[in-house]
Amino acid sequence: METLAKKRWLRLIPIVFITYSLAYLDRANFGFAAAGGMAHDLNITPSISSLLGSLFFLGYFFFQIPGALYAANNSAKKLIFWSLIFWGLLATATGLISNINLLIVIRFMLGVVESAVMPAMLIFLSRWFTKSERSRANTFLILGNPVTMLWMSILSGYLINTVGWRWMFIIEGIPAVIWAFFWWRLVDDTPKKANWLTEAEKLGLENQLQKEQESIKPVKNYAAAFKSPTVILLCLQYAFWSIGVYGFVIWLPSIINASPDMNIVKTGWLAAGPFLLSIISMITVSYFSDKTLKRKIYVWPFLLIGAIAFYSSYLVGTHNFWLSYVLLIIAGGAMYAPYGPFFAILTEILPRNVVGGAIALINSFGALGSFVGAYIVGYLNGSTGGFSASYIFMAGSLLLSAVITFFTVKDS
């Protein structure tokens, strides 16, 4: 079994990681374009800039469930293949046009195309990794988020400085289209379809995954799952959590770039800091969560720390840039740390016949929270001329998320 585990980790995790990294690259680089001259070049007002930054998540919200149901009932492999092609083309198109209305459509459609990727990936991993591996597998998927932000922050700063924001979108959009064909060649939807496993390995893994399902209380259908108080509360929890995360991710470059004596290259390097801590915290937390098979205790405390860090940044204000920056690093590391255990919770409390739809529903509310966070943080920054109000807003959202987690999730 140890050899089988090594095979799966070495074969699948790098592919999953690269795929989600490319998705994250093409949704998050808008923040650098906004800080690096796009708004000025296209005469975009602060309110329209906020709308463009957040519209991705509105498209992401509406099409989560249909995509997840297709992945659960048909093929996650096929869905992600076509998503890679279309989101790469849409991301590239962002650098080619100047019409604001077309930009609005493209940002919305980018969200639509990417909407099923996260739930489809979680469904895919749940078919390949057992309970004792799942938090780490989910973490290596979601590590594509902070790792991409780390190198994308530096690369985008240099690209904007040397070739401009338009070429940044083009250069960072094309790799997704190319990678789609690697994805199609390298992955299989389930172990029984994999020609790189022996028949004994396929049977052993399928039996273990099936045995885990036997301990989960049956749920009749999606309607019953969606009415579950636990699922409803986790939808709210993830929405509040996502307000903090994406208010932070989308507007961090603008927050840093507004500091005295700052330029876009320095902004890129400094914006990478919070994501370096995020990588360390995610790997560490997921390791201990899988080692102990505890989930709850590795989620809510970190959300609380993130809330405290944002509130402390509000108290510091603009008087001490470096102290405020360190607090933002702590907030970023704390917000990202619980992702692996959180998504492991979902696949461990719901049976396989409804888990895809439930993950999509919860992720949909996360997308709605992301839309609210990206829009309102951008709006508050533009209307108040500072960042104090948005810090309070993000702190309050993370606090609510921590409280809901504490009272909703029962740890084993």
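What the table shows:
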item	result
Positions within the stretch 401-412 being buried (at least 16 other Cβ atoms within 10 Å of the Cβ) and either under 11 Å from Leu233 (Cβ atoms) or at pLDDT below 95 (or both), in sequence order	Ser401, Val403, Ile404, Thr405, Phe406, Thr408, Val409
Condition met for Thr162 (modelled with pLDDT of 90 or more, among the hydroxyl-bearing types (Ser, Thr, Tyr), over 19 Å from Leu90 (Cβ atoms) and surrounded by fewer than 17 Cβ atoms within 10 Å (Cβ to Cβ))	yes
Close pairs (8 angstrom Cβ cut-off, 6 or more residues apart or separate chains): on the phi > 0 side of the Ramachandran plot and surrounded by fewer than 17 Cβ atoms within 10 Å (Cβ to Cβ) in the stretch 217-239, in a helix (DSSP H, G or I) and at pLDDT below 85 anywhere	none
Residue within the stretch 92-103 that is over 16 Å from the mean Cα position of the chain (by Cα), small (Gly, Ala, Ser), at pLDDT 90 or above and part of a helix (DSSP H, G or I) present	yes
Scan of the stretch 303-344 for residues that are polar (S, T, N, Q), more than 16 Å from Leu252 (Cα to Cα) and assigned to a helix (DSSP H, G or I), ordered by number	Ser312
Residue ID - surrounded by the fewest Cβ atoms within 10 Å (Cβ to Cβ), chosen from residues in the stretch 28-46 that are small (Gly, Ala, Ser) and over 29 Å from Gly357 (Cα atoms)	Gly37
Complete set of residues in the stretch 165-204 that are in contact with a Lys or Arg (Cβ under 9 Å, 6 or more places away or on another chain), touching a residue at least 24 places away in the same chain (Cβ under 8 Å) and over 15 Å from Leu84 (Cα atoms)	Asp188, Asp189, Thr190, Pro191, Trp196, Leu197, Glu201
The stretch 272-297, residues that are more than 21 Å from Ser324 (Cα to Cα), within 18 Å of the chain's Cα centre (by Cα) and of a type outside the set (Val, Ile, Thr)	Met282, Ser286
Total residues in the stretch 28-46, condition outside any helix (DSSP H, G or I) and under 15 Å from Arg107 (Cα atoms)	2
Scope the stretch 291-302; condition surrounded by fewer than 19 Cβ atoms within 10 Å (Cβ to Cβ), among the charged types (D, E, K, R) and either at positive phi or not in a loop (DSSP other than H, G, I, E, B) (or both); matching residues	Lys291
Any pair with Cβ under 6 angstrom, 6 or more apart, that starts in the stretch 346-372 at a residue that is among the aromatic types (Phe, Trp, Tyr) and ends at one that is part of a helix (DSSP H, G or I) and crowded, with 24+ Cβ neighbours inside 10 Å	Phe365/Tyr238; Phe365/Ala239; Phe371/Ser54; Phe371/Phe57
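Each row is one residue, and each column tells you yes or no for (1) touching a Gly at 6+ places or on another chain (Cβ under 8 Å); (2) crowded, with 24+ Cβ neighbours inside 10 Å; (3) of a type in the set (Val, Ile, Thr); (4) not in a helix (DSSP H, G or I).
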residue: Ile13; (1), (2), (3), (4): no, no, yes, no
residue: Ile18; (1), (2), (3), (4): yes, no, yes, no
residue: Asp26; (1), (2), (3), (4): yes, yes, no, no
residue: Ile48; (1), (2), (3), (4): no, no, yes, no
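The values are calculated or read from the model by the stated rules, or taken from the named source; none is laboratory data. Keep in mind the model is a prediction, meaning the values are calculated, not measured. Backbone-built Cβ (ideal geometry, glycine too); neighbour counts: all protein chains shown.
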